[in-house]
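Trainee: Could you have a look at this structure, given as structure tokens, before my questions?
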Amino acid sequence: MVKLTINDQEAEVEEGATVLGACKAAGVDVPTLCYVPFLEPYGACRMCMVKVSENGTPRLTTACTLAAADGMAVVTDDDDVRAARKVVLELLLARAPDAEILQEMAEEYGIEKSRFAVEEEEPPTEAVAVPEAEAEGELEIEKKPKKCILCGSCYRVCEQRVQAFAIGLVQRGADAEVAPPFGRPSDNCIACGACASVCPTGAITAADRLGRQIVHDELTLASNSAIKVPIKQAVPNVPYVDKELCIHFTQNENGLDACRICEDICPKEAVDLDAEDEDIELDVGTIIVATGFKTFDPRRIAELGYGRLPNVISGLEFELMMRADGYTEGELLMENGEKPKSIAILHCVGSRDKNYNRYCSRVCCMYSLKFAHLIKEKTDAEVYQFYIDMRSFGKGYEEFYDRLLEEGVFFIRGRGAEVTHVAERPEEESKLVVCCEDTLIGAYRRVPVDMVVLATGLEPREDADEVRRTFGISCGAEGFFTEKHAKLAPVSTTTDGVFLAGACQGPKDIPDSVAQGSAAAAQALALMDKGLVEIEPITAVIDENVCCGCKICIGLCTYTAISFNEEDKVSEVNEALCKGCGTCVAACTTGAANQRHFKNEQILAEIEGVLS
């Protein structure tokens, strides 16, 4: 440990720590612009200037680059230090007068205007066309904000951590600036946003090449973190690493070992980017299958324009946007950053359709009504609901539907057949047009709107068949898991100890999922509390002396109750899993498989008794 004094207060830090780190550990605030914890100290901004005395000789130096030493005396805020910082700040202001953080610091240090400011001799280099000026045939000149202080944080993180080398320092002296090679966007740029995240003055910002302010599938053009908690109610409520957004995994595809900032700064060393998936075996008494569902991909219905036309979004994207803790803080915005004045909500996207899914997803009608209510609550936009049938079946649902009618929501009974941007009338210019047949009035309609929300249905997960085989349960024609009995055993399966909960058994809303989850938990607890499993009295049995080891019965057993004994080369029945269906008995070519209490001799004796 290293002992030193900071503003006449004793402090103790680990060996190798910088003076800036020692000040932060002691709770002493030292201003800095270029210091980034996961980059090597550079001392470019010079704002972290402090007075350091060693062996009685004081000197001014940057705190971020100087290592703390025993017996060192540090002063962070006397007249000499403030005077030095004031000069540095005036120099920075001369170069970046539009940086808000510099303006705030100048006010703190009593600087009204930099003494080193240079009057511009040349006109500003950036020109933009302003609509009012265009009308008069003129071009209005807009000044490009000057915010860069050449601290180097942006290109250093691009080189040291991202290893993309997409930007760098070009020119010299007063003409120096940060730019990509040859002034053109670099192919090495992976749009990670690391440069923008470390820029202290906001000189670098994320921008969309198409000029969009909002990209709905990402919600915002800001730097999206690769480490996140999926939802606020996630269980367990811990973050995960999104490999599609993570700089390390993105650059790993190019053969580079980049970033790893999260590993370096995690105090608990809980992040391991080299960890691989592993299989864990657990001994359990019961299993509750609650694998959920996936939403229908609206790209499959090309005529609705999702992924092709601007401002056509899915219901999930709308839900994320309207969250108060979301990226847009609950504001409903189009791609150009403006609020929509009219919105269409299309029901049954991917449901009740013989081309995709014939079944009703149950939740679409009510969450579409909820969307309409949120829109009316937050905006003055007109809302159009395109529906086939309004299925508001739950408690209070019909009353909610009536409430929306009173709020002025327009309901059109007809499936939205197409979403197009081709205008046929003046009022359709620069609009999305929803084409449908209004079945209540028997007419074809074209409704122009600013935004379209697709109420996508629910589908079984892609791995449903694999899960079914693993747990010995069955699936229906749609791909959802099948319960043992629709009325008498709605959460049980044909495999004892395996229960179903939630939308993996079929489309259902939150109240039904919670109720079924509680029922499944109660069933599982009851079985574990009993401590015993009642097996069927009528099960299959295999005569080892007759079995030829053909394994036909193993492939036919839907309950995975039959296994093959490699040592004896015969099939064996697990009586705890067998349900006595008799499939293996009927298929056995040698007659080795029989059913308890239903052997041929027993059946013949029963027939003789009946006939005698």
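The values are calculated or read from the model by the stated rules, or taken from the named source; none is laboratory data. Everything numeric here is computed off the predicted structure, so don't read it as measured data. Counting neighbours? That spans all protein chains shown, and the Cβs are built from the backbone with ideal geometry, glycine included. These accessible areas exclude ligands, DNA and RNA; they are computed on the full protein's heavy atoms, side chains included. Shrake-Rupley method; radii C 1.70, N 1.55, O 1.52, S 1.80 Å.
Trainee: Any chance you could count how many residues in the stretch 277-310 are farther than 30 Å from residue 494 by Cα and in contact with an Asp or Glu (Cβ under 6 Å, 6 or more places away or on another chain)? Walk me through it before giving the result.
Mentor: Within the stretch 277-310, the subset farther than 30 Å from residue 494 by Cα is 277, 297-310.
Checking which are in contact with an Asp or Glu (Cβ under 6 Å, 6 or more places away or on another chain) leaves us with 303, 310.
The qualifying residues number 2.
Trainee: Can you tell me which of (1) open to solvent by 80 Å² or more (accessible area, probe 1.4 Å); (2) in the same structural domain as residue 583 (by TED's automatic domain parsing) is the one residue 555 doesn't meet?
Mentor: Here residue 555 clears every test but (1).
Trainee: May I pose another question? Would it be correct to say that residue 510 is open to solvent by 50 Å² or more (accessible area, probe 1.4 Å) and of a type outside the set (Gly, Ala, Ser)?
Mentor: On the way: open to solvent by 50 Å² or more (accessible area, probe 1.4 Å): yes; of a type outside the set (Gly, Ala, Ser): yes.
It is true that residue 510 is open to solvent by 50 Å² or more (accessible area, probe 1.4 Å) and of a type outside the set (Gly, Ala, Ser).
Trainee: Need the failing condition index for residue 303 against (1) open to solvent by 80 Å² or more (accessible area, probe 1.4 Å); (2) at pLDDT below 90, just the number.
Mentor: Result: residue 303 fails condition (2) only.
Yes or no, residue by residue, for (1) under 15 Å from residue 152 (Cα atoms); (2) part of a loop (DSSP other than H, G, I, E, B); (3) open to solvent by less than 70 Å² (accessible area, probe 1.4 Å):
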| residue | (1), (2), (3) |
| --- | --- |
| 165 | yes, yes, no |
| 185 | no, yes, no |
| 192 | no, yes, yes |
| 210 | no, yes, no |
| 235 | no, yes, no |
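Trainee: Something else about it: Got a number for residues in the stretch 573-604 being more than 16 Å from residue 537 (Cβ to Cβ), open to solvent by 70 Å² or more (accessible area, probe 1.4 Å) and not in a loop (DSSP other than H, G, I, E, B)?
Mentor: 4
Trainee: Hey, among the residues in the stretch 367-398 that are among the aromatic types (Phe, Trp, Tyr) and not in a helix (DSSP H, G or I), which one's least open to solvent (accessible area, probe 1.4 Å)? Please lay out each step first, then the result.
Mentor: As a first pass, look at the stretch 367-398 and keep what is among the aromatic types (Phe, Trp, Tyr): 367, 371, 384, 386-387, 393, 397.
Subsequent filtering for residues that are not in a helix (DSSP H, G or I) retains 384, 386-387, 393.
Numbers: 384: 36, 386: 1, 387: 24, 393: 108 Å².
This residue is 386.
Trainee: Looking only at the stretch 529-552, how many residues end up being among the small types (Gly, Ala, Ser) and either part of a strand (DSSP E or B) or open to solvent by 70 Å² or more (accessible area, probe 1.4 Å) (or both)? I'd like the intermediate steps shown before the answer.
Mentor: Within the stretch 529-552, the subset among the small types (Gly, Ala, Ser) is 531, 540, 549.
Filter once more, so that each one left must be either part of a strand (DSSP E or B) or open to solvent by 70 Å² or more (accessible area, probe 1.4 Å) (or both): 540.
Total satisfying the criteria: 1.
Trainee: Let me ask something else. Filter the stretch 22-55 down to the residues that are over 23 Å from residue 152 (Cβ atoms), touching a strand residue (DSSP E or B) at 6+ places or on another chain (Cβ under 9 Å) and small (Gly, Ala, Ser), then identify the one that is surrounded by the most Cβ atoms within 10 Å (Cβ to Cβ).
Mentor: This residue is 22.
Trainee: Among the strands (runs of 3 or more DSSP E) lying completely within the stretch 399-473, list those that include at least 2 residues that are closer than 19 Å to residue 367 by Cβ and open to solvent by less than 30 Å² (accessible area, probe 1.4 Å). It would help to see each step written out before you state the result.
Mentor: Numbers: elements: 410-413, 416-420, 432-438, 443-449, 451-456.
In the stretch 399-473, the matching strands (runs of 3 or more DSSP E) lie at 451-456.
Trainee: Considering each residue of the stretch 338-356, count those that are more than 20 Å from residue 373 (Cβ to Cβ) and out of contact with any Cys (no Cβ under 8 Å at 6 or more places or on another chain), and give that number. Show your work before the answer.
Mentor: So in the stretch 338-356, the residues more than 20 Å from residue 373 (Cβ to Cβ) come out as 338, 350-356.
After this cut, where a residue has to be out of contact with any Cys (no Cβ under 8 Å at 6 or more places or on another chain) as well, the list is 338, 350, 353-356.
Here the count works out to 6.
Trainee: When you look at residue 518, is it outside the structural domain of residue 361 (by TED's automatic domain parsing), among the polar types (S, T, N, Q) and under 30 Å from residue 361 (Cβ atoms), yes or no?
Mentor: yes
Trainee: Looking at 299, 308, which one is without any contact (Cβ under 8 Å) to a residue 40 or more places away in the chain, part of a helix (DSSP H, G or I) and within 30 Å of residue 432 (Cβ to Cβ)?
Mentor: On the way: 308 fails: part of a helix (DSSP H, G or I).
Of the residues listed, the single one that is without any contact (Cβ under 8 Å) to a residue 40 or more places away in the chain, part of a helix (DSSP H, G or I) and within 30 Å of residue 432 (Cβ to Cβ) is 299.
Trainee: Restricting to the stretch 242-276, name every residue that is under 14 Å from the mean Cα position of the chain (by Cα) and either closer than 25 Å to residue 202 by Cβ or modelled with pLDDT of 90 or more (or both). It would help to see each step written out before you state the result.
Mentor: Taking the stretch 242-276 as the starting set, the residues that turn out to be under 14 Å from the mean Cα position of the chain (by Cα) are 242-246.
245, 246 - these are the residues of the stretch 242-276 that are under 14 Å from the mean Cα position of the chain (by Cα) and either closer than 25 Å to residue 202 by Cβ or modelled with pLDDT of 90 or more (or both).
Trainee: In addition: Of these, 68, 17, 96, which one is closer than 26 Å to residue 263 by Cβ and within 41 Å of the chain's Cα centre (by Cα)?
Mentor: Values: 68 fails: within 41 Å of the chain's Cα centre (by Cα); 96 fails: closer than 26 Å to residue 263 by Cβ.
Criteria check complete, one pass: 17.
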